[in-house]
Amino acid sequence: MKRAVVTVAVMAALAACSSSGGGAKGSGKLSGSITVDAAASLTEAFTALKASFEKAYPGTTVTLNFGASSELATQIQQGKAADVFASASTKNMTQLGASAGAPVDFAKNRAEIAVPPANPGKIAAVADLAKPGLKVALCDPAVPCGVVARQVLANAKVSVTPAASLADVKSTLAAVESGEVDAGVVYVTDVRAAGNKVKGIEIPDAVNASTTYPIGTLKDAKNPSLARAWVDYVRSAVGQKVLQADGFALP
Amino acid sequence: MTAGRRRGTGPGTPLLVVPPAVIGVLLLAVPTAAILIRTPWSRLGAIYQHRGVWTALRVSLESSLDATALSVLLGVPLAWTLARLRLPGLGMVRALVTVPLVLPPVIGGVALFAAIGRNGIAGRPIHAVLGSDLPFTFPAIVLAQTFVAMPFLVITVEGAFRIADRGVEEAAATLGASRSRIFVRVTLPLVAPAILLGTILCWARALGEFGATLLVGGNAPGTTRTLPTLVLTVFNDNPADAPALGLPLIAVALVVLGTLRDSWLRPLASS
């Protein structure tokens, strides 16, 4: 049903374009498409926002590209075409320097331990991650979730040698989901998104760590007005509601 | 040598082939040269120290040599079986054995999880025997590299077994040598050059293996982080440091090519 509405809207937009001899430029009406590069932990929230954004602005298309923030920042620096970058840490946004125009913080995330539903490692607290013989997956220290995880371990004075050091938070979550590791340190939002495929072990505020998510349009954006609209949408009441429903906190 | 080149020239160079050939050379040579140009030579020692290159190189060498040894141990008898036995279904076996040659290695990683993972079809028996699970351990990356690299050895050696002179084996048999003795003392020496070539190809493939190793190994520093998987980590963090990590692998490639030049490239070039 929703799809049908969108299809009709797209067809109407296409018809308008062809009859006017191309281009709705100058009318102030948003059109065209943008590519949004976003941290892997934003997968669920941004996928939901894309659907409502495209509905709110008929005729527009948002292409989402998720990955480790560090990897995406590197790709953008190497010339990958994108209109918006949403990073899971300030560090990776700062890395872009002047090529990201005036980034603003839009969300915050905290760490949580994810274990397979049966909890084979019998984990109840951060200290349990140091149990001998336990397989623990962490994100690589180069990516934001790896930084947060190591901060938590340092706060709790726990030393963990990870069995796997993975490229982004969704890979770490997948290692837990597959049952190949006994535990992984991911974000609160990932545990929530995984539903009953993993079990969450909450980390007390005293030892937990958080990361701030900045979003910004890119200097080389092909569609700056639509890029700006996406950033505004994410920061709007609608956007913040979706993010909070997924477990994100306000910045 | 020079005579061979003159003979090959024939009726002159067709101009048509020159531009594509030049572009082809550039396409292959420029990126390799760029690695050397972009390597921050002055910071090389610091990068190798700071990024754990020596540890990753050690893991790479140990795992690839283990995988190569395993491949020789299993692959040479397998090659003989494929070349010499006449059994129904052997063609099917050959196809199965060569599948990893054309399969993207990352799918090999997925396949290994399905086979030997904690929840894989052989996961429980493996846990019963070893008392632990294989994924995200050093043996797992040896298995991953063996899965990807052994077929190179098998097909190289199989061809040699096929064309080896059987007259010598028959002579040994008439002199009363046992079958196993003939295999070890006569057949193996006959195909020794092919075994050497297959071993080098297999090792080079194992050393460069990335996809399956990354997936089943988990890229953990000190145990499963090989040089190729370290390159991914470093590139994602600071791309400027990454070219420096290509040097040891380029050096290995040059050594391998140097070794192969006599045993392989020359016969091919002169045929």
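Please provide three numbers in whole Å: the alpha-carbon extents of chain A along the principal axes, with the largest listed first.
70, 42, 28
If a/c stays under 1.5 just call it rounded; otherwise compare a/b with b/c (prolate if a/b is bigger, oblate if not). Do that for segment B:1-131, with a ≥ b ≥ c from the square roots of the Cα gyration tensor eigenvalues.
oblate
Find, among the trypsin sites (Lys or Arg not before Pro) in segment A:72-169, those assigned to loop by DSSP (not H, G, I, E, B) with at most 11 other beta-carbon atoms within 10 angstrom.
Of the trypsin sites (Lys or Arg not before Pro), the ones in loops of segment A:72-169 whose Cβ has at most 11 other Cβ atoms within 10 Å are A:122, A:157.
With the contact rule set at Cα under 8 Å and sequence spacing of 6 or more, what percent relative contact order holds for chain A?
27
Return the long-range amide H neighbours of residue A:112 (sequence gap of 5 or more, or a different chain), with a cut-off of under 5 Å between placed amide H atoms.
A:186, A:187, A:188
Can you give me the distance in nm between label points at residue A:238 and residue B:170, each placed 7 Å from the Cα along the Cα-to-Cβ direction?
8.5
Separation between the residue B:65 and residue B:42 pseudo-spin-labels, each 7 Å from Cα along Cα→Cβ, expressed in nm?
3.6
Can you sort A:145, B:202 by how many other beta carbons sit within 10 Å, fewest first?
B:202, A:145
Mind checking Rg over Rh on segment A:109-210, alpha carbons, Kirkwood formula for Rh?
0.90
Using θ = phi - 60° and the Karplus curve 6.51 cos²θ - 1.76 cosθ + 1.60, what whole-Hz ³J(HN,Hα) does each residue of segment B:218-226 get, with Gly and Pro shown as x?
x, 6, 7, x, x, 10, 10, 8, 8
Can you run phi through the Karplus equation (6.51, -1.76, 1.60; θ = phi - 60°) for segment B:31-44 and list ³J(HN,Hα) in whole Hz, with x for Gly and Pro?
x, 5, 5, 4, 4, 5, 6, 8, 5, x, 4, 5, 9, 3
Normalised by the number of residues in segment A:109-210, what is the relative contact order in percent for Cα pairs under 8 Å and 6+ residues apart?
The value is 47 percent.
Given the protein assembly as shown, what percent of its DSSP beta bridges are antiparallel, to the nearest 5?
Approximately 55 percent, going by the DSSP bridge assignments.
Suppose the Debye formula is applied to equal point scatterers at every Cα of the protein assembly as shown; what is log10 I(q)/I(0) at q = 0.12 Å⁻¹?
Relative scattering, expressed as log10 I(q)/I(0), comes to -1.19.
So what's the net charge close to residue A:167: Lys and Arg +1, Asp and Glu -1, counting the other residues with Cβ under 13 Å from its Cβ?
That works out to -2.
Report the Cα centroid-to-centroid distance between segment A:58-105 and segment B:27-59 in angstrom, as an integer.
Taking the Cα centre of each part, segment A:58-105 and segment B:27-59 sit 27 Å apart.
Taking amide H positions as placed in the peptide plane 1.01 Å from N, state which residues far from residue A:166 in sequence (5 or more) or on other chains have amide H under 5 Å from it.
Amide H neighbours of residue A:166, under 5 Å, 5+ apart: A:138, A:139, A:140.
Given 25 °C and 0.890 mPa s, how large is the Stokes-Einstein diffusion coefficient of segment B:172-271 in µm²/s, with Rh as the Kirkwood radius over Cα pairs?
Result for D is 146 µm²/s.
Skipping prolines and chain starts, which residues have an amide H placed within reach, meaning under 5 Å, of the one on residue A:106, given they are 5 or more residues away or on another chain?
Placed amide hydrogens put A:213, A:215 under 5 Å from residue A:106.
Using Cα pairs under 8 angstrom and six or more residues apart, how large is the relative contact order of segment A:28-115, in percent?
This gives 34 percent for segment A:28-115.
Would you mind working out the magnitude of the charge dipole of chain A relative to its Cα centre, with +1 at each Lys and Arg C-beta and -1 at each Asp and Glu C-beta, to the nearest 20 Debye?
Charge dipole, chain A, about its Cα centre: 480 debye, nearest 20.
Please give the length that would be gained between residue B:184 and residue B:250 if that part of the chain were fully extended, namely 0.36 nm times their separation in residues minus their C-alpha to C-alpha distance (nm, one decimal).
Length difference between fully extended and current span is 20.2 nm.
How much of the DSSP beta bridge set in segment A:109-210 is antiparallel, as a percent to the nearest 5?
Here the antiparallel bridges make up roughly 60 percent for segment A:109-210.
Each residue of segment B:193-210 in turn: what ³J(HN,Hα) in whole Hz from Karplus with 6.51, -1.76, 1.60 and θ = phi - 60°, glycine and Pro shown as x?
Running phi through 6.51 cos²θ - 1.76 cosθ + 1.60 with θ = phi - 60° gives x, 5, 5, 4, 4, x, 5, 5, 4, 4, 5, 4, 5, 5, 5, x, 4, 10 Hz.
Please report the orientation-averaged projected area of segment B:49-270, defined via the convex hull of its C-alpha atoms, in nm².
Mean orientational projected area (segment B:49-270, Cα hull): 15.3 nm².
Beta carbons within 10 angstrom, averaged per residue: use that to sort the peptides B:179-192, B:97-110, highest first.
B:97-110, B:179-192
For segment B:190-236, just the Cα atoms, rotate onto the principal axes and tell me the three extents in Å, largest first.
The Cα atoms of segment B:190-236 stretch 47, 18, 17 Å along their principal axes.
Every read-out reported here was derived from the displayed coordinates using simple, explicitly stated rules and does not represent laboratory data. All of these numbers come straight from a predicted model, not from anything done at the bench. Counting neighbours? That spans all protein chains shown, and the Cβs are built from the backbone with ideal geometry, glycine included.
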